[in-house]
Amino acid sequence: MRYDIDNGPRWLTLLVTAASLTAVARGAYPLTTDSNCGCYMTNASRSNYFAHHHFFDFRSLTQYVNVTNPINRWEDNERAASTSAYFRSREWTDVWAIQNWNNTNLLKLNNSDVNDATVKMINSPNNIYIERDASSHTFMTMRTVRHDTFQSSAEFESRSSGYQFLSIRMFARTKGAPGAVTAMFTYRPPPTPHNMALVQEADLEIRTRDPPTYVQYTNQPSWNATSDIPDATRNVSLPGGRRWSDWATYRMDWTPGSSTWFVNGQLHSTISFQAPRDPAQVMFNSWSDGGSWSGPMKVNDQAAMQIQWIELVYNNTDPGNVKTGRCVNVCSIDETTQLGTPVLMTGSTGGQNPQVPQQPRPSNPAIPQQPRPSNPAIPQQPRPSNPAIPQQPRPSNPSIPQQPRPSNPVPPQQPAGGGGCTSKKYDQCDGKNWNGCKSCGGGTTCKFQNDYYSQCL
């Protein structure tokens, strides 16, 4: 969806402390449906609110099981069909698009400053399929394979480029030979491939060349023209001695001014430095290109990310997805006893779906920084999860128009107390605990949304 710069951002997020929602035992709230939820509250150290919910369950798809053999001809990978009817269903195609792009044009540049891949790579729909284990449980597999003369990989991305703040989770593991990268990430491309410093991306990556307990978290870019950027990345050991080959719930919360990662419900890392700001896509991939980030993979070797389910609550700037008004029915996916089904925390069990207030640009992030994990970072700086451009991800899908915002869209923080300063259109201007500007400029006025939030409109 094209981003309308002239009309300004149209996104929402709520950053308020819900004093009326005290901690109670899981199971104390009634199960409900998404149609009865006005917003979704997450259980981080400060409550964040989101407008929408999706759940994709791959655990009981026996009718779609089809473990395909790798395709050894380059051209046939590009033309490969989806591996089952599930990936042609509206449930899937309304949200996700499986990719078939390749890196040959970048290789032709013969410029290691642009791309240091040593192997041709192509994303193949043939490498995304439903698989069954010995206990008849099913899961989605994303495979990457080293062929004689090239690498086939797997990637799918959201059709929408309008996600702006989310909490996304997957129950997943990574298995296979050294030389692969598996990832879950948000991605907004720079204006051109030569402006990679303007990319906005929050990554969770696993490299199969790394020790089996390491996972990589990054707010891209992780380098500049002169050096790596240490504050952009963490390379952290999984809690409790877990390995990335074990099933685990990986969670990433992207909120104004912060990216936060959890493993099995435990806070694992937070990076506030250069957190993404503007609407983006959501992507998953499994890849290798023989370059310095993935490393080489031996011919006939393969690796895969396997996923049992994906769940996300999110805000979205696409037309028809922006909610305005008060959120009365507050739901949660964290306090539920039934995976994929929300519970109602406050509000009515029936009636019209309430709405949540439109929110401003993240000019004054309210999310407190989380402490770094105790495990020291390993001095290895990541390249992005998308391998097409070194140190940075390949632009996502040329068929989806994506308009960049100005290079510095976040205005500087205004003096506390509101004296002598004005907020811009769509910025916050009042509310409980608000110490920023309380006057509006640009012909806008401060409009009450709720007790915690008023906005210049």
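Scanning the range 200-214 for residues that are surrounded by fewer than 24 Cβ atoms within 10 Å (Cβ to Cβ) and either hydrophobic (A, V, I, L, M, F, W, C) or farther than 16 Å from Ser245 by Cβ (or both) yields a single hit, Gln200.
Here the range 324-333 is the region considered, the condition is being assigned to a loop (DSSP other than H, G, I, E, B), open to solvent by less than 50 Å² (accessible area, probe 1.4 Å) and within 14 Å of Asp34 (Cα to Cα), and the residue that is modelled with the highest pLDDT is Ile333. Take Ser348 and tell me if it is modelled with pLDDT of 95 or more and either open to solvent by 10 Å² or more (accessible area, probe 1.4 Å) or under 22 Å from Asn43 (Cα atoms) (or both). Against the criterion (modelled with pLDDT of 95 or more and either open to solvent by 10 Å² or more (accessible area, probe 1.4 Å) or under 22 Å from Asn43 (Cα atoms) (or both)), Ser348 does not qualify. Scanning the range 147-182 for residues that are basic (Lys, Arg) and in a strand (DSSP E or B) returns Arg169, Arg173, Lys175. Evaluation of Val299 against the conditions (1) under 25 Å from Tyr129 (Cβ atoms); (2) open to solvent by 40 Å² or more (accessible area, probe 1.4 Å); (3) outside any loop (DSSP other than H, G, I, E, B); (4) aliphatic (A, V, I, L, M) shows that the sole unmet condition is (3). Residues in the range 127-177 that are crowded, with 24+ Cβ neighbours inside 10 Å, polar (S, T, N, Q) and in contact with a helix residue (DSSP H, G or I) (Cβ under 9 Å, 6 or more places away or on another chain): Asn127, Thr144, Ser152, Ser153. Taking the criterion of being of a type outside the set (A, V, I, L, M, F, W, C) and closer than 25 Å to Ser161 by Cβ, the residues of the range 291-317 that qualify are Glu311, Tyr314, Asn315, Asn316, Thr317.
Within the range 256-270, is there a residue that is surrounded by fewer than 18 Cβ atoms within 10 Å (Cβ to Cβ) and more than 20 Å from Ile168 (Cα to Cα)? No, because not a single residue in the range 256-270 is surrounded by fewer than 18 Cβ atoms within 10 Å (Cβ to Cβ) and more than 20 Å from Ile168 (Cα to Cα). Applying the condition of being assigned to a strand (DSSP E or B) and of a type in the set (S, T, N, Q) to the range 271-290 and asking which residue is surrounded by the most Cβ atoms within 10 Å (Cβ to Cβ) yields Ser286. Within the range 102-117, not a single residue is at pLDDT 95 or above, within 23 Å of Asn300 (Cα to Cα) and assigned to a loop (DSSP other than H, G, I, E, B). One residue stands out among those in the range 228-254 that are under 26 Å from Phe50 (Cβ atoms) and charged (D, E, K, R): the one that is least open to solvent (accessible area, probe 1.4 Å), which is Asp253.
Restricting to the range 31-51, and then to whatever is open to solvent by less than 40 Å² (accessible area, probe 1.4 Å) and either β-branched (Val, Ile, Thr) or touching a helix residue (DSSP H, G or I) at 6+ places or on another chain (Cβ under 8 Å) (or both), can you tell me which residue is farthest from Asn100 (Cα to Cα)? Among them, the one singled out is Thr32.
Any chance the range 363-376 includes a residue that's modelled with pLDDT of 75 or more, in a loop (DSSP other than H, G, I, E, B) and within 23 Å of the chain's Cα centre (by Cα)? The answer is no, given that none of the residues of the range 363-376 is modelled with pLDDT of 75 or more, in a loop (DSSP other than H, G, I, E, B) and within 23 Å of the chain's Cα centre (by Cα). Of the residues making up the range 71-110, those that are among the hydrophobic types (A, V, I, L, M, F, W, C), more than 24 Å from the chain's Cα centre (by Cα) and crowded, with 16+ Cβ neighbours inside 10 Å are Ile71, Trp74, Ala80, Leu106, Leu107. Is it fair to say Asp116 is charged (D, E, K, R), open to solvent by 20 Å² or more (accessible area, probe 1.4 Å), touching a residue at least 12 places away in the same chain (Cβ under 8 Å) and under 26 Å from Phe165 (Cα atoms)? When the stated conditions are applied, Asp116 does not pass them.
The values are calculated or read from the model by the stated rules, or taken from the named source; none is laboratory data. Computed from a predicted model, the values in this text were never measured in an experiment. Quick reminder, even Gly has a Cβ in these numbers, built from the backbone with ideal geometry, and neighbours come from all protein chains shown. The area values use the complete protein model at the heavy-atom level, side chains included, leaving out ligands, DNA and RNA. Shrake-Rupley method; radii C 1.70, N 1.55, O 1.52, S 1.80 Å.
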